[in-house]
Amino acid sequence: MVLTVPERVADLRADLADGYTSAHVDAVLSPVARRALDREQAVPALRETAGRDEPAAVLLRLFVLGDEVARRDLDRALPRTGAAVAEAAGLVAAAGPDPDDLVRARVDLQPCAVEDALGRAEWWLASDRGELATGAPLAPEHVLGVGGASVTLARATVRAPRRRTLDVGTGCGVQALLAARHSAAVVATDVSERALRFAAFNAALAGAGDRVELRAGSLLEPVRGPGDAGSFDLVVSNPPFVITPRAAGGMPRYVYRDGGGAGDDVVRDLVVGLADVLAPGGVAQLLGNWEHRRGEDWRDRVRDWVERAGLDAWVVQREVQDPAEYAETWLRDGGTTPDRDPAAWRAGVTAWLDDFAARDVEAVGFGLLVLRRPERGAPTLRRFEEVTTPVAAPLGDHLAAALAAHDWLAARDDAGLAAARLRVAPDVVEDRHHTPGEAEPAVVRLRQGAGFGRTVQVGPAVAGLVGACDGELAVGQIAAAMAALLDTATEPVLAEVLPPLRGLVRDGFLVPVD
């Protein structure tokens, strides 16, 4: 497959905008069929689009569902572009030039909508056809479309204006396209020339080809030159972090997920290398796996990486799998199942379990790493936590606010915090639970609607102080008023409330007014 950008790519963009957006697809598919597609089940969508001539139905059958369509139907669905241009670009292959000749897709092409901190972004993304369309396991050089990990990273990315952004391991280019909305320039790297062809096509189709520079090479290698050192304000990466058995012969090596290192070395090496490319104050956000080894806390393992990098670090573990679960997940991801190929399934699971046992790996963690090069001086942020609650809204703004809150707190001792004015964030609510017959609540919890949706149990003094934080009075003034009501000194009240107050500011429950 040789994918090229059509000379009149704007015509293709206009054709797709007229008939093949997410809204058009929703109009031809029922919610039942849509949900089935999300589960990689094509039958309901094939049934509902059969015999229909709307562009969305024709293009969905062709590019997503793996069906063939008549050449005349494709010409009608893409009136400016036509089947001939689509064939020349490598999007389709036609049996012949006659209107009744059948056309089959050579790529997956579909609308992609992502909601992040900047709002909704929608383009069309081309990638290799998946198992849904081909009915076969993925090829080792497969270029993935937009999956769950891509969306997770996109929704977590801080979308402040950037001078220069780097997308490491760009794949089909979705993170680079998202970054192009708020970056003056974007550099995207990938070891796969096939992936770079898809990324170039997608950037051109989105009208962002002039803002996305593509470079071939593994991870950070393409930006090791002097012109790139310390020049990126933002780095994003959904890297090939999957831990794959290296010693087992016959195991497929999928370029999109296998970085070639042993264990979790790929993520470690990327973390350590980021300090060389980040500008002062620059932020890196990436997804990764890390091993949980017997007798070692995963936090200590990842902490060692960021200490070597010399970066501020906030690492959030979102999921943990045992070795067998991990093996099963990634075998299925490549299209190997116990029903389709029992021998390959057994060999694959055995290879993974043997590989993990050789390093005393008891589990594998998955999560988000937020790293930052300090503007000056030594790193001050070291935060490693596990948060597994579902996240409903994009995280980008929350993460940016949390970094700013950390800096604000780091600049203030207890006297400075007592002198500050705070207000309760608008997404925070309070739950009070009373024992029957008791006037005072037995439990008070603060719940956060945005961010990670945290819940914090607080004592009566902290609950009372938070309830009075409307931005008018300083913390110390509120504490003094509470002390007067309790007929006690202010200092004990401050000693009780200030430590938890720091945590509430850090996590966005309370927002500084000053």
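Among (1) part of a loop (DSSP other than H, G, I, E, B); (2) touching a residue at least 60 places away in the same chain (Cβ under 8 Å), which single condition is Gly227 missing?
(2)
Any idea which of Val174, Val191 is within 21 Å of the chain's Cα centre (by Cα), surrounded by fewer than 24 Cβ atoms within 10 Å (Cβ to Cβ) and in the same structural domain as Leu270 (by TED's automatic domain parsing)?
Working: Val174 fails: surrounded by fewer than 24 Cβ atoms within 10 Å (Cβ to Cβ).
Just one listed residue meets the conditions, Val191.
Picking from Arg376, Arg412, Arg383, Arg421, which residue would you name as being modelled with pLDDT under 95 and of a type in the set (D, E, K, R)? I'd like the intermediate steps shown before the answer.
Working: Arg412 fails: modelled with pLDDT under 95; Arg383 fails: modelled with pLDDT under 95; Arg421 fails: modelled with pLDDT under 95.
Step by step, each of Arg376, Arg412, Arg383, Arg421 is checked, and only Arg376 is modelled with pLDDT under 95 and of a type in the set (D, E, K, R).
Taking Arg376 as meeting all but one of (1) surrounded by 15 or more Cβ atoms within 10 Å (Cβ to Cβ); (2) basic (Lys, Arg); (3) touching a residue at least 60 places away in the same chain (Cβ under 8 Å), write down the number of the exception.
(1)
Just wondering, is there one or more residues in the range 255-266 that are buried (at least 17 other Cβ atoms within 10 Å of the Cβ), in the same structural domain as Arg359 (by TED's automatic domain parsing) and modelled with pLDDT of 95 or more?
Pass one, the range 255-266, residues buried (at least 17 other Cβ atoms within 10 Å of the Cβ): 255-259, 261, 263-264, 266.
Now narrow it down to the ones that are in the same structural domain as Arg359 (by TED's automatic domain parsing): 255-259, 261, 263-264, 266.
Narrowing the set further to residues that are modelled with pLDDT of 95 or more leaves 264, 266.
Within the range 255-266, one or more residues are buried (at least 17 other Cβ atoms within 10 Å of the Cβ), in the same structural domain as Arg359 (by TED's automatic domain parsing) and modelled with pLDDT of 95 or more.
Restricting attention to the range 146-160, and to residues there that are part of a loop (DSSP other than H, G, I, E, B) and small (Gly, Ala, Ser), which single residue is nearest to the chain's Cα centre (by Cα)? Before you say what the answer is, go through the steps one by one.
Residues of the range 146-160 part of a loop (DSSP other than H, G, I, E, B): 146-147, 157-160.
With the extra rule that they be small (Gly, Ala, Ser), the set shrinks to 147, 160.
Values: Gly147: 9, Ala160: 16 Å.
Across the range 146-160, the extreme among qualifying residues is Gly147.
Scanning for something of a type outside the set (Gly, Ala, Ser), surrounded by fewer than 15 Cβ atoms within 10 Å (Cβ to Cβ) and touching a Pro at 6+ places or on another chain (Cβ under 8 Å), does the range 409-432 turn up at least one residue?
The answer is yes, given that some residue of the range 409-432 is of a type outside the set (Gly, Ala, Ser), surrounded by fewer than 15 Cβ atoms within 10 Å (Cβ to Cβ) and touching a Pro at 6+ places or on another chain (Cβ under 8 Å).
Kindly indicate which of Asp333, Asp339 is surrounded by fewer than 22 Cβ atoms within 10 Å (Cβ to Cβ) and under 24 Å from Val361 (Cβ atoms).
Asp333
Considering every residue within the range 82-92, establish whether at least one is at pLDDT 95 or above, in a strand (DSSP E or B) and not assigned by TED's automatic domain parsing to the domain that holds Leu178.
yes
What pairs come up if the first residue lies in the range 494-514 and is assigned to a helix (DSSP H, G or I), the second is charged (D, E, K, R) and surrounded by fewer than 19 Cβ atoms within 10 Å (Cβ to Cβ), and their beta carbons are under 6 Å apart, counting only those six or more places apart or on different chains?
Leu498/Asp414
When you look at Arg163, is it in a strand (DSSP E or B) and either at positive phi or surrounded by fewer than 24 Cβ atoms within 10 Å (Cβ to Cβ) (or both), yes or no?
So Arg163 fits the description; yes.
Taking Trp305 as the residue in question, decide whether it is assigned by TED's automatic domain parsing to the domain that holds Ala347, crowded, with 21+ Cβ neighbours inside 10 Å and either among the acidic types (Asp, Glu) or in a strand (DSSP E or B) (or both).
no
The values are calculated or read from the model by the stated rules, or taken from the named source; none is laboratory data. These numbers come from a predicted model, not from an experiment. In this analysis, Cβ positions are derived from the backbone assuming ideal geometry, glycine residues included, and neighbour counts consider all displayed protein chains.
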